[in-house]
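The structure that follows is given in the form of C-alpha cells.
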Amino acid sequence: MGFRMSIHVINNDTDYGDDHKLYGYFGYDAVKKSFDYIHKFINEQDDILSDSLYADPKECYDMLCCLPAVDDIRLSEKEFEEFSKLYLEDVKRNKSPFCYDFVQKYMDEIVKIPGDKIVYWC
C-alpha cells in the first residue's frame, strides 16, 4: 500500500508532497538510508512508535507499514536538510527519473526555507 509523505513548512505555512509513495511501498532495505536517519525522530515523537519495542529501525519500519498514519515529526533546518539528501537518494534508487526530478525540485526548495519542518506520512 505505502504512505504518501507530506511536509509542512512552518515559516510560510505551506504544504508540499503527498504525491508519491516510498515508505511502506518498498521494503526496509530499499529505504534504509533515509529511514535509519529519521528513525530516531520518529521513535522520539510518534505516540505508538516511541515504544522501546521499536528502538531498532527495521522493527520500527515494519510496524510503521502496518499503521494508517504516522504522527507529525518535527525536524530542524539542518535535520531536514540531511533527511532530504538521504530521502532523495532513496527516491532516485527506487522510483522513476520523472518522480525523482519532481520530488527533488520541491525538496530543494524546502531546504532553502529557514525554520523547522513537519514531516508526516498517511
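Only the coordinates and a few stated rules stand behind these numbers; no lab work does. Computed from a predicted model, the values in this text were never measured in an experiment. Here the Cβ positions follow ideal geometry from the backbone for every residue, glycine too, while neighbour counts run over all protein chains shown.
State all residues of the stretch 1-57 that are among the aliphatic types (A, V, I, L, M), crowded, with 18+ Cβ neighbours inside 10 Å and over 16 Å from D90 (Cβ atoms); if no residue qualifies, say none.
If the condition is that a residue be among the aliphatic types (A, V, I, L, M), crowded, with 18+ Cβ neighbours inside 10 Å and over 16 Å from D90 (Cβ atoms), then V9, L49 are the ones that fit.
Might you check whether a residue that is of a type outside the set (S, T, N, Q), touching an Asp or Glu at 6+ places or on another chain (Cβ under 8 Å) and farther than 16 Å from I10 by Cβ occurs anywhere in the stretch 102-118?
yes
Still on this model: So how many residues does the stretch 94-108 have that are touching a strand residue (DSSP E or B) at 6+ places or on another chain (Cβ under 9 Å) and either of a type in the set (V, I, T) or farther than 15 Å from M5 by Cβ (or both)?
Number of matching residues: 1.
For the stretch 5-21, give me the residue count where each residue is more than 9 Å from the chain's Cα centre (by Cα) and at negative phi. Spell out the reasoning first.
To start, the set of residues in the stretch 5-21 that are more than 9 Å from the chain's Cα centre (by Cα) comprises 8-21.
Still in the list and also at negative phi: 8-12, 14-16, 19-21.
Within the stretch 5-21, residues that are more than 9 Å from the chain's Cα centre (by Cα) and at negative phi number 11.
The conditions are (1) in a loop (DSSP other than H, G, I, E, B); (2) under 27 Å from I113 (Cβ atoms); (3) of a type in the set (A, V, I, L, M), and I48 fails exactly one of them. Which is it?
The failed condition is (2).
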